[in-house]
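Comments concern the structure below.
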Amino acid sequence: IVGNPNQKIFAIIIPTHAGGVLTPPWVTKFNFNTNGTTNTNDLVNAKLFYTGSSPYFSTNNQLGNTYPNPNGLFEIGGFSQYQINNNLTYFWLAYDISPNATVGNFVDGNCYRIDRETCCPSLIPDTTLGTARCIISDTGIEGTFTIGVGEDYENLEQAFNYLKANILVGQVTLELTDNYNPNNEVYPIVIPKVTNASETNSITIKSTKQDELIFQHNVWSIIHFNDAQYVILDGYNQILGENKIKIINTSTTGSAVYFSDGSSFNIVKNCELQASDTSADGAVIKFDQLPNTLSLQGNQVLNSVITKNEIGNVTNGILFIRELPDQSYESSNISNVIKNCTIIDFTFRGISLENTLNSFHIIGNNIFQSFESTSPIVE
């Protein structure tokens with residue numbers, strides 16, 4: 001975006017040999033050039049950031065000094081102790097874009113050498129991978145958009161298609177108005193990844209309808225978080241002062257909400273969720289880390305009712321499952337939160353954590369049955 005700082009250009013992802021080493025190597029300097037940039041006058045500064053094993057860009061940890069007015073070869077170093085971990089380690093090149101940059105110009109770069117401590121030779125990256133370049137844009141997306149017939153967008157699919165085609169520069173709110181009809185959605189409703197979503201550039205979905213909003217269908221999932229980040233589904237209606245969103249799946253093999261493929265830092269709160277999935281891995285809310293996909297990190301389910309529906313019973317209230325083979329346990333499903341929820345009427349477990357997961361926070365929930373169970377095992 002013209003005039004914006006910290007616009008990420010690419011990630012540098014360094015793996016190490018499986019099993020670790022006694023003394024992991026340290027990175028001391030990165031050598032770059034501005035290859036692929038249309039006009040280097042568009043670049044005010046170059047910066048290097050570090051996110052450890054997290055695959056999500058962040059400006060919380062800058063390495064070395066800011067390099068002003070990069071043009072051709074440049075290097076960023078002068079740091080130490082940044083260890084290459086036993087799994088993937090992520091470093092990021094970012095530019096500050098000039099307020100006088102030309103819209104439509106390309107900005108790009110190349111990492112041609114990575115210097116390490118004397119224990120190891122320099123790394124020479126493979127520079128033949130891909131030719132995509134970043135395009136300078138004149139504006140980004142922020143603000144409130146209304147969803148419904150005759151509104152900004154008729155359904156959530158149209159709204160997210162618009163967000164995906166642009167870049168976020170601030171918070172976005174998608175308001176489901178009185179003109180919104182959930183029957184106009186394509187199910188499952190897919191919540192995708194949106195460029196530049198972050199804690200400060202979050203996307204909130206909420207209802208301003210006068211009546212209760214019910215998403216109901218017979219499908220494998222009603223709402224699918226698919227590599228989504230920083231999306232908040234909030235069922236609290238400020239106009240009515242009540243929780244007014246229900247998500248109901250009437251399929252006996254489907255969830256109300258399904259998280260997969262690296263979906264992280266999302267929040268579902270103030271909703272009632274119902275399902276009747278009686279399969280062994282059935283659940284009202286299912287977090288499914290498929291083999292060799294990014295882990296599901298930092299998601300939260302807050303202040304919600306999770307239960308079976310009138311169609312029949314459900315196996316689990318909430319299920320987190322890691323389907324092996326996969327990456328190491330340390331990077332699998334980290335720091336997800338279930339807090340202040342009512343989880344009621346399940347035939348196996350209220351909350352089920354399967355296959356070695358990490359750092360869960362389960363706080364202040366009510367988990368109970370309202371009927372006598374006929375199952376031989378209920379936990």
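Table for the structure above
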quantity: Label-point separation in nm, Asn161 to Glu212, each point 7 Å along Cα→Cβ; calculated: 3.2
quantity: Calculated Rg and Dmax of segment 251-321 using C-alpha coordinates, Å; calculated: 12.0, 37
quantity: Average accessible surface area per residue within the chain, 1.4 Å rolling probe, Å²; calculated: 45
quantity: Bridge type composition, the chain - antiparallel percent by DSSP, nearest 5; calculated: 35
quantity: Over segment 157-208, equivalent-ellipsoid semi-axes from the Cα gyration tensor in Å; calculated: 21, 13, 8
quantity: Among the listed pairs Lys193/Lys244; Lys193/Lys269; Lys47/Lys286; Lys8/Lys246; Lys164/Lys269, those beyond 30 Å (Cα-Cα); calculated: Lys47/Lys286; Lys8/Lys246
quantity: Hull shadow area, averaged, segment 200-245 [alpha-carbon convex hull, nm²]; calculated: 4.1
quantity: Enclosed volume per residue, in Å³, of the convex hull spanned by Cα atoms of the chain; calculated: 153
quantity: Cα-projected label distance for Glu379 with Thr128, points at 7 Å along beta-carbon direction, nm; calculated: 5.0
quantity: Theoretical FRET efficiency, 1/(1+(r/R0)^6), r = Cβ-Cβ of Lys339 and Phe74, R0 41 Å, to 0.05; calculated: 0.35
quantity: Charge context of Pro99, other residues only, Cβ under 15 angstrom, K/R +1, D/E -1; calculated: -3
quantity: Net charge of neighbours whose Cβ lies under 10 Å from the Cβ of Phe371, counting Lys and Arg as +1 and Asp and Glu as -1; calculated: -1
quantity: Rg and Dmax [Cα atoms of segment 190-286; Å; Rg one decimal, Dmax integer]; calculated: 13.8, 40
quantity: Residues Asn100 and Val186, FRET efficiency given R0 of 41 Å [Cβ-Cβ distance, rounded to 0.05]; calculated: 0.45
quantity: Surrounding net charge for Asp281, when Lys and Arg each add one and Asp and Glu each subtract one, Cβ distance under 10 Å; calculated: -3
quantity: Loop-located GluC sites (Glu not before Pro) in segment 179-218, at most 14 other Cβ atoms within 10 Å (DSSP); calculated: Glu199
quantity: Length-normalised contact order of segment 113-169 in % [C-alpha pairs under 8 Å, at least 6 apart]; calculated: 24
quantity: CD proxy at 222 nm, helix term only [per DSSP H run n ≥ 4: -39500 (n - 2.57); per residue of the chain; nearest 500]; calculated: -500 deg cm²/dmol
quantity: Debye equation applied to the C-alpha atoms of segment 80-208, log10 I(q)/I(0) at 0.11, 0.12, 0.14, 0.18 Å⁻¹; calculated: -0.62, -0.70, -0.84, -1.06
quantity: Under-5 Å amide H pairs with Ile191, H placed in peptide plane, nonlocal only; calculated: His224, Phe225, Asn226
quantity: Calculated P(r) tail over 22 Å for segment 257-379, as whole % of Cα pairs; calculated: 31
quantity: Segment 168-302: relative contact order in percent, alpha carbon pairs under 8 Å with at least 6 residues between; calculated: 22
quantity: Sites Ser198 and Thr253 - FRET efficiency at Förster radius 30 Å, r taken between beta-carbons, to 0.05; calculated: 0.30
quantity: Mean separation of Cα contacts under 8 Å, 6 or more apart, over the residue count of the chain: relative contact order %; calculated: 10
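The values are calculated or read from the model by the stated rules, or taken from the named source; none is laboratory data. Just so we're clear, the structure is a prediction, and the values are computed from it rather than from any experiment. Cβ: placed from backbone, ideal geometry, glycine included. Neighbour counts: every protein chain shown. In case anyone asks, the SASA skips ligands and DNA or RNA and just uses the protein heavy atoms, side chains included. Shrake-Rupley method; radii C 1.70, N 1.55, O 1.52, S 1.80 Å.
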